[in-house]
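Visitor: First the structure, then my questions, so here it is.
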Number of protein chains: 4
Amino acid sequence: MQLGMIGLGKMGGNMAARLRDKGHEVIGYDVNPELRDVDSIAELVERLSAPRTVWLMVPAGEPTRNTIRELADLLDEGDLVIEGGNSHYRDDRVHADELARRGIEYLDAGVSGGIWGRENGYGIMVGGSAENVARAKPIFDALTPEAGSGFVHAGEIGAGHFVKMVHNGIEYGMMQAFAEGYELMAASGIVKDVPGTLASWRQGTVVRSWLLDLLVRALEEDPELEQLRGYAEDSGEGRWTVQAAVDHAVPAPVITAALYARFASRQEDSPAMKVIAALRNQFGGHAVVKKNTD
Amino acid sequence: MQLGMIGLGKMGGNMAARLRDKGHEVIGYDVNPELRDVDSIAELVERLSAPRTVWLMVPAGEPTRNTIRELADLLDEGDLVIEGGNSHYRDDRVHADELARRGIEYLDAGVSGGIWGRENGYGIMVGGSAENVARAKPIFDALTPEAGSGFVHAGEIGAGHFVKMVHNGIEYGMMQAFAEGYELMAASGIVKDVPGTLASWRQGTVVRSWLLDLLVRALEEDPELEQLRGYAEDSGEGRWTVQAAVDHAVPAPVITAALYARFASRQEDSPAMKVIAALRNQFGGHAVVKKNTD
Amino acid sequence: MQLGMIGLGKMGGNMAARLRDKGHEVIGYDVNPELRDVDSIAELVERLSAPRTVWLMVPAGEPTRNTIRELADLLDEGDLVIEGGNSHYRDDRVHADELARRGIEYLDAGVSGGIWGRENGYGIMVGGSAENVARAKPIFDALTPEAGSGFVHAGEIGAGHFVKMVHNGIEYGMMQAFAEGYELMAASGIVKDVPGTLASWRQGTVVRSWLLDLLVRALEEDPELEQLRGYAEDSGEGRWTVQAAVDHAVPAPVITAALYARFASRQEDSPAMKVIAALRNQFGGHAVVKKNTD
Amino acid sequence: MQLGMIGLGKMGGNMAARLRDKGHEVIGYDVNPELRDVDSIAELVERLSAPRTVWLMVPAGEPTRNTIRELADLLDEGDLVIEGGNSHYRDDRVHADELARRGIEYLDAGVSGGIWGRENGYGIMVGGSAENVARAKPIFDALTPEAGSGFVHAGEIGAGHFVKMVHNGIEYGMMQAFAEGYELMAASGIVKDVPGTLASWRQGTVVRSWLLDLLVRALEEDPELEQLRGYAEDSGEGRWTVQAAVDHAVPAPVITAALYARFASRQEDSPAMKVIAALRNQFGGHAVVKKNTD
């Protein structure tokens, strides 16, 4: 089928390519002139035949909000917008309401798979009405690994982004579990072959997983991770998962610990640990590490 | 090759069967007369041709220690004992020293794969000398999924059980990550199809893994896990991982949180939380839940 | 000075009493006719001489919001509202803006001290302009333990409730630290006199604190806390602290762990731990605790 | 009464001074010739009248073990050794057994109070027999803040060091709670007076405590803690508390998080977080921070 794709970066560009490979017609727009087929969203809308389907793959927050507003003005009743970026699940309700005032339909779609998705297919999690899901099914089928798998209609508006958010929270926890295990093996002195141990786990063990495959791959390139600093950004989704857990009174110690480890990794120095140092000095006369003596 | 196997329970029995399927001769002993080929360890030793190889697959602690002692008396110089149970990595040193006094060789082997190992093969992680590893290689090759994979010679004596221990620690963290994500989706109200969402993640997503496959399988049998109580034992290995992390000053918040969640799951009531209730009552006059009114 | 107090419950009632003891004139309104001096907020406003000062001590959220709106209609330019309840610090901005449109001044005040405050005085943390703080200073002085202590002007609008929120987050962490230590001593078997140990810590040790005093007091009444269940509610402020930490990328593992322990204490059964049980059963054939066999 | 004191460092020296102030006769030995009254432990034993009481205040582990052995040779039946250092509670059993073979009595004593103890008195927690406790009571009375307080006979051999260990674990949790709250206030932007806020909490609030007093004091000297690095050692007792919690299946998330925060504070770079960076790079093509570009 025919699809407009707004946002042709690392994710959107690969998705458009996969859709074209599978025989769909994709007309793409991006702020970067080198990536795009049309020069404006207005032109994109014009080029699509009604009822149109437009997939958004732009950064969450302001950029997505603004594009939704622009589409609300340009699209016609019965057109369908699929927000495939990383919107907060509560914003989906806002987007859907804004478009509904003009009779425009809305689906939210969480997309997983990273840069490997073009080749392997993506995991797609969708929120919205069954009618709209059915309408966009050919697109979902082309994006997912094989027809029928890697896809879920998770619930009403927002449910797609909610489960994608939880997926990312789980991902944080799994990554941190491997990270802690790696550090413990490396620190133990007893393990002579850490990369080989991880590689051996790819078969037959309980922890076999795609993340393990990736870790093995990273260690093949840099066996002691000497090229990297222990510094990790966090996307909004880890934070949102923790905040949703707090909202619903769900204990989420593992996901939260993984998030906090990332926060800490980005601190030059820890104000909290200065307090610990100050207190130890106060009550115990413990030596402290002064800034300038270090 | 020929192998003596002591302990023919869920793990040892399946391993013996897999080894026989692959053409090895296994003579087995177990405390349960219905499972064994010989009626005593002495008879087992007698039946094996020197230099012998004996694989131990009995419960960690006392039973393993006693069997090692018995073998130290029965075996001859040049024989090889492989401790494949869940011994603590520090006990391996003790076992190896005890056997070395009689000239008996020792390897420690961590085995992963659970009840699926017979069919899929096991992950095997070994500690000890390269000579002994080479000597037992045919056995390792038969147990692992395919020759060359699922196997690592991790280091000297104890390294096999150390990495198996860490493997289990990571497993705890991964399981807890899925568990928290599941609970959050179930509590959210917004996700209408939790089992379907998890099933969709098996393809294309970052969290795809054998544990996810198993969770999907469990939910196919019992979609809301109504048959189960939220009660989880812990094997020693999760505890040892945390204690090793503390010994080596390695922060392991995720693995530890997963362990503590299991501890808490087994408490009828929490003494710690009684203290919280008592304090809230003291300073705030907050209502507390009394035992007998509940 | 003269003060209108809206909300005469456990906190507001005691504060009004303390203010009167110190010579201030308090006119009180409460939804409960038995507690109040006037029958409506309108009557309260009428009874106060301009420029008026009205202290709010009603539940956070809807009740506070509604009272602010009513006061916006009733008060005159130059009057001052002090929101002393547990409003979220972001709501203070909304309240202040709403009142400012009528020329009415606003302070937010976090109040600590619980039911002991009437006797010991309260800790008061205030956000807003220096002018308004100066104006209400006699009230603050009467409420705090002694002139000059137990009081801080923490910053602009919202700062009072922000630091009160953090205060409560710290309180959660401290309480949980004592709770864990208590449980460990009780579980150890080696400690014959847990209440006596805690009592001994009140003098000379690093952990001496008001919370310890209260714990000792609770154990005097019920030495094994047999009358209580390990069940703890959480006020909004623990949750807000964690969410603020996440917003500001501040690792807060201790405060968060304390919050999650409360969440867990309120669950009849843990969906997350059902997942763990299900997974252990899947991969290891581990026995699980079935609902109906328990 | 008369007491031999071995170890006259920061703790032992102050304790000896306090005991002398209270009228006791203290004969002291230390490896440092400038601090001691006698030149050897043998001379110390000679100078004391039987039945002797000797208080040990030397570093835990090897030094304490060696001193116990030396005393076992030098002391006579009926003499009493009080181990007041930071021995692991399991070592107390070993010490007591070694001395018991010669008929020498043993008490273990946990001591809290830091450098402030000389002036304020110490918290003393003792394990051992009631007879031995009664015998040394005059010493305990002189060390504790006032007769009858700051002292507990916690249980049999080891109980004194066990509860001191738990005390320190609780201390870790309380310190970290303040540290997190401090960092959150400092990061918020909304709190203009963090030291003033903390100072105000000393009166009337739930978190008032000696640790808060010390933090306020530290901030008076260095209001933004600019002189310090966020680097904190841990004594063995925090680690032992976590290991004891794991041994007894007691969830201790707060105490453990506080310990891990100290571990992390001492890492130049985190191997675990390198793994996170490597994984993010693998699956998402996320930019990573390379070592040499930093």
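Here, each number is a calculation from the coordinates, and none is a lab measurement. None of the values given here were measured: they were computed from a predicted structure. As a convention, Cβ positions derive from the backbone with ideal geometry for all residues, glycine included, and neighbour counts pool all protein chains shown.
Visitor: Counting only C-alpha contacts under 8 Å and six or more residues apart, can you give the relative contact order of the stretch A:2-157 as a whole percent?
Guide: Contact order relative to length: 20 percent.
Visitor: Still on this structure: Hey, what does the equivalent ellipsoid look like for chain B, semi-axes from the Cα gyration tensor as sqrt of 5 times each eigenvalue, largest first, whole Å?
Guide: Semi-axis lengths for chain B are 42, 24, 18 Å.
Visitor: Can you count the Lys pairs in chain A with C-alpha separation below 25 Å, eight or more apart or on different chains?
Guide: Close lysine pairs under the 25 Å cut-off: 8.
Visitor: Same structure again: FRET efficiency for B:Leu35 and B:Glu146, Cβ-Cβ distance as r, R0 = 35 Å, nearest 0.05?
Guide: Computed FRET efficiency for B:Leu35 and B:Glu146 comes out at 0.80.
Visitor: So, R0 is 60 Å and r is the distance between the beta-carbons of C:Glu226 and A:Ser49; what FRET efficiency does that work out to, to 0.05?
Guide: 0.20
Visitor: Hey, what angle do you get for helix D:210-221 against the long axis of chain D, alpha-carbon based, 0 to 90 degrees rounded to 10?
Guide: For helix D:210-221, the angle is close to 60 degrees.
Visitor: I've got another one for you. For chain A, modelled as a GNM with alpha-carbon contacts under 10 angstrom, which of A:Ala130, A:Ala257, A:Ala186 fluctuates the most?
Guide: Result: A:Ala186 has the largest fluctuation of those listed.
Visitor: Can you run the Rg to Rh ratio on the stretch C:164-278? Use alpha carbon positions and the Kirkwood inverse-distance Rh.
Guide: Answer for the stretch C:164-278: 1.01.
Visitor: Could you work out, residue by residue across D:138-145, how many beta carbons of other chains sit within 10 Å of that residue's beta carbon, and then give the average as an integer?
Guide: 1
Visitor: Can you tell me what the convex hull of the Cα atoms of the protein assembly as shown projects to on average, as an area in nm²?
Guide: Projected area, direction-averaged: 51.4 nm².
Visitor: What's the ranking of D:228-234, D:17-23, C:78-84 by average number of surrounding C-beta atoms within 10 Å, highest first?
Guide: In decreasing order of mean packing, D:228-234, D:17-23, C:78-84 become C:78-84, D:228-234, D:17-23.
Visitor: Now for a separate question. Report D for the stretch C:2-157 in µm² per second (integer): Stokes-Einstein, Kirkwood Rh on Cα pairs, 25 °C, 0.890 mPa s.
Guide: The Stokes-Einstein estimate is 162 µm²/s.
Visitor: How well do other chains shield peptide A:117-128, expressed as the mean number of their Cβ atoms within 10 Å of each residue Cβ?
Guide: Counting other chains' Cβ atoms within 10 Å and averaging over A:117-128 gives 3.
Visitor: Once you list every other residue whose beta carbon is under 9 Å from the beta carbon of C:Gly121, what net charge do they have if Lys and Arg are +1 and Asp and Glu are -1?
Guide: After counting each charged neighbour, the total is 0.
Visitor: Still on this structure, I have one more. Considering only DSSP beta bridges where both residues belong to chain C, give the percentage that are antiparallel (nearest 5).
Guide: Bridges in chain C that DSSP calls antiparallel: roughly 20 percent.
Visitor: Next question, about the same structure. Would you mind counting up the charge near C:Glu183? Only other residues with Cβ under 14 Å from its Cβ, with Lys and Arg at +1 and Asp and Glu at -1.
Guide: Around C:Glu183, the surrounding residues sum to -3.
Visitor: So, one more: What is the stretch A:69-167 by shape, rounded, prolate or oblate, if you read a ≥ b ≥ c off the alpha carbon gyration tensor as root eigenvalues and call it rounded for a/c under 1.5, prolate for a/b larger than b/c, and oblate otherwise?
Guide: Prolate is the answer for the stretch A:69-167, as a/c is 1.5 or above and a/b outweighs b/c.
Visitor: Let me ask something else. Could you tell me how many degrees, from 0 to 90 and to the nearest 10, lie between the Cα long axis of helix A:253-265 and the main elongation axis, the longest principal axis, of the Cα atoms of chain A?
Guide: 80
Visitor: Among B:154-163, B:51-60, how do they line up by average Cβ neighbours within 10 Å per residue, starting with the highest?
Guide: B:154-163, B:51-60
Visitor: With each run of n ≥ 4 DSSP H residues scored as -39500 (n - 2.57), what mean residue ellipticity at 222 nm is computed for the protein assembly as shown after dividing by its residue count and rounding to the nearest 500 deg cm²/dmol?
Guide: Helix contribution divided over all residues of the protein assembly as shown: -15500 deg cm²/dmol.
Visitor: Taking the 0 to 90 degree range and rounding to the nearest ten, how far is the long axis of helix D:130-143 tilted relative to the main principal axis of chain D, both from C-alpha atoms?
Guide: 70
Visitor: Among A:121-127, D:119-125, A:242-248, C:120-126, how do they line up by average Cβ neighbours within 10 Å per residue, starting with the highest?
Guide: Answer by packing, highest mean first, reads A:121-127, C:120-126, D:119-125, A:242-248.
Visitor: Could you work out which residue, out of D:Asn132, D:Asn14, D:Asn281, moves most in a Gaussian network model of chain D, that is, has the largest mean-square fluctuation with Cα springs under 10 Å?
Guide: Looking only at D:Asn132, D:Asn14, D:Asn281, the biggest GNM fluctuation is shown by D:Asn281.
Visitor: What relative contact order, as a whole-number percentage, does chain B give when Cα pairs under 8 Å and 6 or more residues apart are counted?
Guide: Once divided by the residue count of chain B, the mean separation gives 12 percent.
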